[in-house]
Number of protein chains: 2
Amino acid sequence: MSKYYLGIDLGGTNLKVGCFDSELNQIAKTLNPTHADMGPEAVIDRIEETTKKLLSENNLTLDDIISVGIGSPGPADISEGIVVSAPNLPEFQNVPLKQLVSERLGKDVVFENDANAACWGEYVVGAGRGVKDMIFFTLGTGIGGGIISNGELVHGFGDNAAELGHMIIYPHGGRFCGCGQRGCVEAYASASSTARRATEAIQAGTPSSLKKVYKEKGHISCKNVFDHAAQGDKFANEIIKGTAEALGILCVNIIHITGPQRVVFAGGMIAAGEPLLKSIKEYFNYHIWPLKQEKLEICFATLGEDAGIIGTAALAVHQNQKLRTEKSSDMS
Amino acid sequence: MSKYYLGIDLGGTNLKVGCFDSELNQIAKTLNPTHADMGPEAVIDRIEETTKKLLSENNLTLDDIISVGIGSPGPADISEGIVVSAPNLPEFQNVPLKQLVSERLGKDVVFENDANAACWGEYVVGAGRGVKDMIFFTLGTGIGGGIISNGELVHGFGDNAAELGHMIIYPHGGRFCGCGQRGCVEAYASASSTARRATEAIQAGTPSSLKKVYKEKGHISCKNVFDHAAQGDKFANEIIKGTAEALGILCVNIIHITGPQRVVFAGGMIAAGEPLLKSIKEYFNYHIWPLKQEKLEICFATLGEDAGIIGTAALAVHQNQKLRTEKSSDMS
């Protein structure tokens, strides 16, 4: 009898597939290059091959699979499962990914954008466990995320919700963001923006131990900034304060909107660890009104790179449970 | 057979009661002073008297009523129907309003805070009709509101959601807000803040036709500012631009979070009419990234002072429909 679920995390670089039971215990997982430049048809082929290989290596077949979740970079039409266009999947234009994967694997497929899928994974079995209202932020090249309100993902009209990094907090004279707006949180607090703010200041002659890095490598990474801050460089610490303050204000604003119990930060930057988390909390407490100071839990994600496959599998489980509930109520 | 619903809008000054059919056509309504200073027991008495009088004047009794909705100023425990404390109802501390009204009228009661109730009213039969994702802002002494996501009100953890005026947009050097934060939208764009910004500048000697108003009355109202702007006063126009810009940025930030299709502004300030709406839209388009410029409908509320009684009655209808659906699925 079928008893497992597949979670597929389709990224611009890597394709990850995981197999889970209904309690989301991991049975097996694998990672392969996506080869996104070869176009949608080739990527569907790779999804099929990778999945079948993973299953056979674990003495399973598609017959053991109940249903499948897949996550993809956006923008997408989520309910229809169509990748509208995706900077990381340049050949994908209006690709009906959900339908194509469903036909190829012969299974029901549930589709989500990658950030929402990871958000759902953290919500179900990661750092968001036990709450019903949560915000998930990914701190990487950009700042994305997902919103859980009363136990459900918030999609918004035209799947427009949760562009969380593009909240404007410095409208007058703020930094320009890649999106075209001015003063977005992302223009200060993404890993790229953190590195860029440091680089610009070093180029302008600000004294710092990062100057040596810039001279040797020609650029400064976000990790360099955090490393030099940890070693006591005053300027690097100022840059990180700018990052943490923008994220603290983001938390203030989000608690006033959807009223989360918990905010979960994920993405490469959380490798900076406790000092970053502490600083975000300090700025949150500095900017929030006193009554609400104790009311928001701010923490780091716990699922790491597996959030995508766990989240998509969890969405498949969730969908299946909903269908079964509806069916049993129809039949009663 | 019972076929009507009551909507009760409990305000600090006035108590409004309306009777509606299940299509939310108004059968009758009335307004009485609340006398909130006489305490909860006296207010419950007034609710009972006012309701019974309204019904009898329309040849109805409580037997004609299916259920009741009541809205109250916050903060409140919404699911339990408890008014925790309310600046406008100073004698109300942890008052189980839902239970008390239910016992007194012998009906099921659904409870909401006043802003959410008005939001629901606009959503069901007012300016929000036809969409599933909407934001509702009230522009009055403060800025409050409600959020509809996928057809449901967003409450958040501990009913903490939708403190929409307290989004910070000028964190550094911004005006202090009554809430204790710095740079909130409310500190710029509420009716009170609009008047206050004008008054402060006039006191500081800024030239304007408002100077005469200040000298004669000792203060400047929000309406004065809009009136003088309409008559061509340059300074009054600058003040209103500050209000509209804060509201435009609020719209930018909210579209990136819950992804509404429509934003509805309500409250006393919308009497300023088309010039205010136009200016908000201009600032929204100025600050939003180009791709999203056409994606948000910004409009004024249409239900006026009746939004509260319509919204609470609509919540009673909604609750009753949910209960009937559950019941019929249990019985099938």
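Key figures
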{"quantity": "Some residue of the range B:63-78 being within 14 Å of chain A (Cβ to nearest Cβ), open to solvent by 40 Å² or more (accessible area, probe 1.4 Å) and within 23 Å of B:ALA307 (Cβ to Cβ)", "calculated": "yes"}
{"quantity": "Some residue of the range A:303-316 being under 21 Å from A:LYS223 (Cβ atoms) and among the small types (Gly, Ala, Ser)", "calculated": "yes"}
{"quantity": "Pair list, Cβ < 8 Å and 6+ apart or interchain, from the range A:59-71 residues that are charged (D, E, K, R) to residues that are outside any strand (DSSP E or B)", "calculated": "A:ASP63/A:SER2; A:ASP64/A:SER2; A:ASP64/A:LYS3; A:ASP64/A:LEU55"}
{"quantity": "Inter-residue pairs, beta-carbon under 9 Å, first not assigned by TED's automatic domain parsing to the domain that holds B:ALA244 and in the range B:160-180, second open to solvent by less than 10 Å² (accessible area, probe 1.4 Å) and assigned to a strand (DSSP E or B), 6+ apart", "calculated": "none"}
{"quantity": "Residue match in the range B:273-285 (condition: more than 24 Å from A:MET167 (Cα to Cα) and of a type in the set (Gly, Ala, Ser))", "calculated": "yes"}
{"quantity": "Any hit, the range B:213-223, residues being in contact (Cβ under 8 Å) with a residue 40 or more places away in the chain and away from chain A (no Cβ under 14 Å)", "calculated": "yes"}
{"quantity": "Qualifying position, being open to solvent by less than 60 Å² (accessible area, probe 1.4 Å) and charged (D, E, K, R), among B:ASP37, B:ASP45", "calculated": "B:ASP45"}
{"quantity": "Qualifying position, being under 30 Å from B:GLY69 (Cα atoms), open to solvent by 30 Å² or more (accessible area, probe 1.4 Å) and more than 14 Å from chain A (Cβ to nearest Cβ), among B:ILE270, B:ILE310", "calculated": "B:ILE270"}
{"quantity": "Residue in the range B:180-195 that is among the basic types (Lys, Arg), within 11 Å of chain A (Cβ to nearest Cβ) and closer than 22 Å to A:LYS132 by Cα present", "calculated": "no"}
{"quantity": "Scope the range B:1-34; condition open to solvent by less than 30 Å² (accessible area, probe 1.4 Å) and of a type in the set (Asp, Glu); matching residues", "calculated": "B:ASP9"}
{"quantity": "In the range A:234-256, the residues that are open to solvent by less than 10 Å² (accessible area, probe 1.4 Å), more than 8 Å from every other protein chain (Cβ to nearest Cβ) and either of a type in the set (Asp, Glu) or touching a His at 6+ places or on another chain (Cβ under 8 Å) (or both)", "calculated": "A:ALA236, A:GLY248"}
{"quantity": "Residues of the range A:156-172 classified as surrounded by fewer than 19 Cβ atoms within 10 Å (Cβ to Cβ) and at pLDDT below 95, total", "calculated": "1"}
{"quantity": "Test: B:GLN231 is at pLDDT 95 or above and loosely packed, with under 14 Cβ neighbours inside 10 Å", "calculated": "yes"}
{"quantity": "Residue ID - farthest from A:PHE300 (Cα to Cα), chosen from residues in the range A:193-228 that are surrounded by 15 or more Cβ atoms within 10 Å (Cβ to Cβ) and among the basic types (Lys, Arg)", "calculated": "A:LYS211"}
{"quantity": "Of the criteria (1) free of Cβ contacts under 8 Å to residues at least 60 places away in the same chain; (2) within 20 Å of the chain's Cα centre (by Cα); (3) within 14 Å of chain B (Cβ to nearest Cβ), which one A:GLU326 fails", "calculated": "(2)"}
{"quantity": "Selection status of A:VAL84, among the hydrophobic types (A, V, I, L, M, F, W, C), open to solvent by 50 Å² or more (accessible area, probe 1.4 Å) and either closer than 26 Å to A:ILE143 by Cβ or in the same structural domain as A:GLY146 (by TED's automatic domain parsing) (or both)", "calculated": "yes"}
{"quantity": "Residues of the range B:1-22 satisfying the condition of being in a strand (DSSP E or B), under 16 Å from B:SER72 (Cβ atoms) and not acidic (Asp, Glu)", "calculated": "B:LEU6, B:GLY7, B:ILE8, B:LEU10, B:ASN14, B:LEU15, B:LYS16, B:VAL17, B:GLY18"}
{"quantity": "Given (1) within 7 Å of another protein chain (Cβ to nearest Cβ); (2) more than 15 Å from A:ASN253 (Cβ to Cβ); (3) within 17 Å of the chain's Cα centre (by Cα), index of the condition A:GLY156 fails", "calculated": "(3)"}
{"quantity": "Selection count where residues are assigned to a helix (DSSP H, G or I) and open to solvent by 20 Å² or more (accessible area, probe 1.4 Å), scope the range A:280-307", "calculated": "10"}
{"quantity": "Which numbered condition A:GLY259 fails, given (1) under 16 Å from the mean Cα position of the chain (by Cα); (2) at the interface with another protein chain (Cβ under 8 Å from one of its Cβ atoms)", "calculated": "(1)"}
{"quantity": "Among the candidates B:LEU153, B:LEU139, residue that is closer than 18 Å to B:ILE298 by Cβ, at pLDDT 95 or above and crowded, with 18+ Cβ neighbours inside 10 Å", "calculated": "B:LEU139"}
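The values are calculated or read from the model by the stated rules, or taken from the named source; none is laboratory data. The structure presented is a predicted model; accordingly, all values stated were derived computationally and were not measured. Virtual Cβ from ideal backbone geometry, glycine too; neighbours counted across all protein chains shown. All accessible areas refer to the heavy atoms of the entire protein, side chains included, with ligands and DNA or RNA removed. Shrake-Rupley method; radii C 1.70, N 1.55, O 1.52, S 1.80 Å.
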